[in-house]
Structures are given as C-alpha cells and as structure tokens.
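The values are calculated or read from the model by the stated rules, or taken from the named source; none is laboratory data. All figures in this text were calculated on a predicted structure; none of them were measured in a lab. Every residue, glycine among them, receives a Cβ derived from its backbone with ideal geometry; neighbour counts consider all protein chains shown. Protein only, heavy atoms only, side chains kept; ligands, DNA and RNA dropped before computing areas. Shrake-Rupley method; radii C 1.70, N 1.55, O 1.52, S 1.80 Å.
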Number of protein chains: 2
Amino acid sequence: MAQMVRQLWNVPSATHPFLAARHMSVMAKVLRYGEFGEPGKVLQLQEEPVPDPKQGEVLIKTLGAPINPADINTIQGKYPVKPAFPAVGGNECVGEVLAIGGNGSGSGSLKVGDRVVPFSTGLGTWRSHAIYGANQLMKVPASIGVAEAATITVNPCTGYRMLKDFVALKPGDTVIQNGANSACGQAIIQLCRAWNVECVGIVRDRPEFAQLKDYLKGLGAAEILTEEELRTTKLFKDGIFRKPKLALNCVGGKNALELSRQLDQAGVMVTYGGMSREPVTVPTASLIFKDLRFVGFWMTRWTKENAGSVLRSEMFNELFGLIDRGALKAPAHEMIPFEDYKTAVTNALNIQGFVGKKYIFRF
Amino acid sequence: MAQMVRQLWNVPSATHPFLAARHMSVMAKVLRYGEFGEPGKVLQLQEEPVPDPKQGEVLIKTLGAPINPADINTIQGKYPVKPAFPAVGGNECVGEVLAIGGNGSGSGSLKVGDRVVPFSTGLGTWRSHAIYGANQLMKVPASIGVAEAATITVNPCTGYRMLKDFVALKPGDTVIQNGANSACGQAIIQLCRAWNVECVGIVRDRPEFAQLKDYLKGLGAAEILTEEELRTTKLFKDGIFRKPKLALNCVGGKNALELSRQLDQAGVMVTYGGMSREPVTVPTASLIFKDLRFVGFWMTRWTKENAGSVLRSEMFNELFGLIDRGALKAPAHEMIPFEDYKTAVTNALNIQGFVGKKYIFRF
C-alpha cells in the first residue's frame, strides 16, 4: 500500500489534475477520544478518507509512533495540556511525505519521499496518515531508523537540553540520574558517553538488576546503583568520580533527596518527572549553605519558547549525527501493530522486562 | 571614656612617639568562648589590654554590636562556620576609629573619628575595642545611627541581594515573604517600598497580630497575612496584586509550600532561613509545568565571593542613602549594656513582644 501510494504521488501534484480524486481512495486509521478516561476505554479506532493537503500542508504516511507516558496522562486528563475534543492521541512520530499541497511553494525544502518528524506537540500522531503544516515538520536523514526517528523529539531532546542548559559540563564531570532505565534515562546515558561525561545511574532494585546494570553500562553508564546502594555509596566521597554538578530527577520523594545529597557545592537538580508521585524534599541547609538549586524542565515548553531558534536546529543536527554513527540508539522498545492499540495503551506504563520498554506503533 | 580616648588619639600617630605606651592603659572587654555550647554558659567576659594597631591595622572602639540568630547558632556549634578556639562572639558592629597603625599608609582613606563597620564575617565583634585590618572595614556616614550601622551588613544586605539577584523586579511587581516580622523581613519590607514593589508578608498568628500588622504596614508592607489567611487568600487570584515573581522563605515546611503556591509562572523561591526546622517541600508539577525555581541565599558566601566587587559598594551606597532619608530604619531592637550579656544571649532568640526584637550591645 505504501509503495502504491508513493508511486501515485511521487510527482509534483500540479501536473496531475486528477490526483485529488484518486487520493480520496486512501483511507486513514485514526485513534480518537472524545472524553478523558482510561485510554483502553476512551480511544476509538476510526477510518476516514484522507483529504488533500492544501497549500503549505504536507500529507504523510506514518511509519512509527511511540506511546509516551505523557500521552497516556493526557488521555486520562491528568496532564496540564488539555486537547480540544475529539482529539487524536500521540505526540511523536516519523512519517514519509506522500504529497505536498498546492504548487509546493510554502513547503520549505520538503519533497515527496522525505522522512519527517513533527516537532510541534499536540498534533495527534496516532494515525496512519496525517496532514501537517510543512512548518510543523522537520526532515530527518533517511539513514535514521524508524524507531530512532519516531522517538527523537521527546526523550533525546529532553536529555540533551537538561545536560546543556543548566550547568556547564566538562569532560570528566559527573551527572547523576535516577530512573536511569527510562527511555529518557537511556538517552541521557548515551549523550553523556558521547560527551565524555560520567553518568551514574540509579534504578530501583529488582530481580534482574545485574542484567539491567549490564545493559545500561553497555549504553555507556559509568556506574549503575540501586536506590539502596546510593544511600551509602562512597563513589564521590572517595573520588572515584567527581562530585556531580548535575542531578536529573524523574522519581521524586526519598530518592530525589538522596540524589541531591550527592551533589557538589552549587550543584543543580533538574526534575523532569515524578514517578513516585511524591514531592521533592529540600533540606534548608542544602539551599543556604550548599547553594543547591532545584529547577524543572518540560520539553513542551522549551519547544514552544524556542520555535525558530538556532538552538533547535543545532540540537537536532547533533542528535542526527550521533544516531548516524551509532552513538545514540532508540530506547528498548517493541514495535506493535496499530490495530493492537488496546493492549499497547493499557500496558504502556508497565511493560514487563528487565528494562522499561517502549511501545512503538507500526502501520 | 570614649570622649577622652578620642581626644587622645585624634591626631596622626606618627607625630606622637609616646602614644603606644599611653594606649596600653585602654582595657578592652571581650566576650570569648572556648567550646561549643549554650551561649549563656560558654561565653566569658574577659578584660585585657588593647595592643597597638600595626601598619595596615585600625583600632576601633565599638559603639554597638547586635546579637543575630546566626551568632547564637555559631556558639552552639550548629552553624557551618566553625571558629578556631578561643573565639570571640558576634559578626556585626559599628565602631569609631581610635587609632590607625604605623604611618597610616595602608589604611585607605580611614581617619581617626570615622565610623566604620567590618564587612568580613567571623571577626568577633562582641568586644568593646578591637583591632581590624583596614581592608576589613568600611566607612559609614556619620549621619547614620548606631543601631542602623550596627545591623547593616547582615539583614539589609541579605534583603537587598535577594530582591536584586534572582528575578528582575519592576515597580508594581509583587514579592511575598514569610517571617515578615524578622529583622530581615523588616528590611525587605522597607526596600520593597523604596523600590515601589508590593511586599506581601506572612507571619504566624498571635494575640498581637493586629498590632504587628499595623507596625509592618507602617514600614511599607502592602499586606500582612497570617499563615492561615495565606492558604485561602484571593489577593493574587483576584488581581489585587500581581502574582509574586519572588518568594523569600526563612521558615520552611508547610508555610514555604503555601508561599510557593502563590508564585507566578517561572517564579523563584529564595530560602535564607528555616525557623520551622522543616525542609522545603516542592511538588513535582510546580517544577516541571510551572517552572518554579528553588534556590538559597547566604550573605556570608556572597560577601566572600564579591569581596572587591563594585556590586558591594553600590549596595552600601544605596543602603546608606535610604537610611539617610529615613526610608530604611533599624529593625525593632533594644540596646542592652554589654555587661548584661547573659540575659541578652539567653533571650536573643525569643524576646517577648508583638514584633521580633533584636538586642544590640552598647559599650
């Protein structure tokens, strides 16, 4: 089907006056919801004809779209971003350009056959075909795998910005993070390795800890500790690693407190998640005398505030380069047929396995 | 006595070869401690002859020296700054220059009769006479009262820096602070008024709340609320005041949490004390989605890091100017004879009254 459509469309539309009519034969599958609730209940798979892209718009066929925790929370109504109903689930995907609207002007340098990712949030990516504004899409090198491209705009970008924007890290410096087995944690480990920064990761203890530790050290982690080991570690006191300048927290509660205790004078803790559902506890003395700073990071806000920024293109170029040379891989994941969405959205937050796994829809 | 000594010394020492010998007749009273413990027990009032100031040194007669909470905590051994024993208590004072060491070179522009404050910390100011390095002293305009000068380097400077260094406040912006009746809180209220910033202050409920509220509004507070009133206030929701960009916290615990809830998007909470002895609790969502930042401030560190900075002279010039035109008064205080030190240090942390009062030794 993809092959057929590509052949059909791989020519400038202006030379084919009948393409619009033919195009109507392409049906899109779309995962919609009309109210907040458990995703397995409120999502409905709908089929609908795909309209023509207009001037400045681009029709893409989706190749892969992941299920991120924030997508689930959004559908549950627990996320600060509230969509207008009916809404389409999902925030990330990679697609292939099937057609470019109008005479092709206003679509930048995009061509039919290009691989693209949307970098705006809230576009609704859980659909087999979609029409996006050309200015909402970014071309992705063809050499980049579907899983990497489909998951690049949230977790690797979050890791990248947190490592770049809060303290000035030099080679040999240490970063400490909890939830090191999360998708973002895996990206952070690989970015640290690429930049010669020591990344010490914390995970909850589990039967498969040894296996998980091997996996994460294989990605480039300098050391992996359980939460219990963190409490008594002498890695920093004994100078095995420099005291961390930066702590990345997606857990909160006691574990975040333990993380902050390892920070160097004037260190920064950046919170980007709260898996424990407990707040961050900050001892007064660590603020006043140790000069620690506690801040948060939200990729959605960064993207909004840096829409036309050169920082964004610099970031993506560096990430593409890292992926290209095998230094940044997609997080542990499982491609799952779009039709199996009920299984996927129901289990997304707790896939079994030694490392947190991410579902990616394939179409 | 002060008058006699001033007459004796109010001439350049180089023209009086016998001054050193005469000087030995001046005896200093000094409050020393040789171990950590309760100040009333470990402090001892000693008398000793005052040596000659050497080249680059200055002999001062102390006119006033306050008892700050940090002074008590230092003597208790609960403060991160640990003095070498035997140590002299106190960190702030104002003095009058009695004599300048050597030929007077290396003493900057200081002259006999000048009023000075030491701006280094840990010098030990609880003594009737002291010899300091000229480079540790700053001249204070003679027009400034003893209480104002004796208390300028800790609380007004702390308030000044916290209001200047974390967010850019414009006239009409709001600052919210707890412990608004503390010495620092009183300085913050007055600085806000001088800069046309609305200061909303929080205090614990108490029988004399109405009286305290009047007093603090008299200093310039836009509004004073009890901790209970803070929880349900609509001052910011209803737009009576702009949502605070800055929260100043010297309490911690639940009250700090309530304070942070009133902050505007991307607001900053600066912690400079922890009277409740409870940590600051930071909800994950306030970090990620509201972009709040939690930092600390310690005047001692600022002073160390900005020893020769133009920021410091700018700050003191502005503070002197405010005091001069009556816009910045000393905190509520009581001058107490140096000999009554046991009463003073024992009661320093809980003087009775509708507003926290500060003891200032007079000599």
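Quick notes on this structure:
- B:Ala168 among the small types (Gly, Ala, Ser) and either outside any loop (DSSP other than H, G, I, E, B) or buried (at least 20 other Cβ atoms within 10 Å of the Cβ) (or both): no
- When A:Arg301 is tested against the conditions (1) more than 10 Å from chain B (Cβ to nearest Cβ); (2) farther than 30 Å from B:Thr303 by Cβ; (3) of a type outside the set (A, V, I, L, M), the lone failure is (1).
- Boolean, A:Ala134 is more than 30 Å from A:Gly185 (Cα to Cα), over 17 Å from the mean Cα position of the chain (by Cα) and touching a residue at least 60 places away in the same chain (Cβ under 8 Å): yes
- If only residues of the range A:274-284 that are touching a strand residue (DSSP E or B) at 6+ places or on another chain (Cβ under 6 Å) and more than 7 Å from chain B (Cβ to nearest Cβ) are counted, the one that is modelled with the highest pLDDT is A:Glu278.
- Any chance B:Ile176 is over 16 Å from B:Gly326 (Cα atoms), among the β-branched types (Val, Ile, Thr) and not assigned by the TED database to the domain that holds B:Gly252: no
- So A:Leu63, is it within 19 Å of A:Ala134 (Cα to Cα) and at pLDDT 95 or above: yes
- When A:Leu287 is tested against (1) facing chain B (nearest Cβ under 10 Å); (2) under 17 Å from the mean Cα position of the chain (by Cα); (3) of a type in the set (A, V, I, L, M), only condition (2) is not met.
- Residue within the range A:209-219 that is surrounded by 15 or more Cβ atoms within 10 Å (Cβ to Cβ) and of a type in the set (S, T, N, Q) present: no
- Exactly one residue among A:Leu110, A:Leu123 is under 29 Å from A:Leu43 (Cα atoms), open to solvent by 10 Å² or more (accessible area, probe 1.4 Å) and not assigned by the TED database to the domain that holds A:Leu248, and that residue is A:Leu123.
- Residues of the range B:72-92 that turn out to be crowded, with 16+ Cβ neighbours inside 10 Å and free of Cβ contacts under 8 Å to residues at least 24 places away in the same chain, as a count: 2
- When the criteria are applied in full, B:Val355 meets the requirement of being outside the structural domain of B:Asp205 (by the TED database), open to solvent by less than 60 Å² (accessible area, probe 1.4 Å), outside any helix (DSSP H, G or I) and hydrophobic (A, V, I, L, M, F, W, C).
- Residue check for B:Gly95: assigned by the TED database to the domain that holds B:Gln136, in a loop (DSSP other than H, G, I, E, B) and in contact (Cβ under 8 Å) with a residue 24 or more places away in the chain: no
- Per-region count, the range B:212-249, residues within 24 Å of the chain's Cα centre (by Cα) and part of a helix (DSSP H, G or I): 8
- Filter pass, B:Thr271 being at pLDDT 95 or above, closer than 23 Å to B:Pro69 by Cα and within 7 Å of chain A (Cβ to nearest Cβ): yes
- Just one of the numbered conditions (1) farther than 28 Å from A:Val310 by Cα; (2) at pLDDT below 95 is not true of A:Ala183: (1).
- Note on the range B:243-254: residues that are buried (at least 23 other Cβ atoms within 10 Å of the Cβ) and under 17 Å from A:Pro279 (Cα atoms) total 1.
- Residue check, B:Thr226 more than 23 Å from A:Pro283 (Cβ to Cβ), outside the structural domain of B:Lys139 (by the TED database) and in contact (Cβ under 8 Å) with a residue 12 or more places away in the chain: yes
- On inspection, A:Leu191 does not qualify as open to solvent by 10 Å² or more (accessible area, probe 1.4 Å) and touching a residue at least 24 places away in the same chain (Cβ under 8 Å).
- When A:Ile202 is tested against (1) outside any strand (DSSP E or B); (2) in contact (Cβ under 8 Å) with a residue 12 or more places away in the chain, just one condition goes unmet, and that condition is (1).
- B:Lys329 meets each of the listed conditions (1) basic (Lys, Arg); (2) under 30 Å from B:Lys164 (Cβ atoms); (3) assigned to a helix (DSSP H, G or I) apart from (3).
- Among the candidates B:Ala147, B:Ala180, residue that is surrounded by fewer than 23 Cβ atoms within 10 Å (Cβ to Cβ), among the hydrophobic types (A, V, I, L, M, F, W, C) and out of contact with any Asp or Glu (no Cβ under 8 Å at 6 or more places or on another chain): B:Ala147
- Residues of the range A:245-268 satisfying the condition of being of a type outside the set (S, T, N, Q), facing chain B (nearest Cβ under 10 Å) and in contact (Cβ under 8 Å) with a residue 40 or more places away in the chain: A:Cys250, A:Val251, A:Ala256, A:Val268
- Filtered residues of the range B:32-78 (kept if acidic (Asp, Glu) and part of a strand (DSSP E or B)): B:Glu47, B:Glu48, B:Glu57
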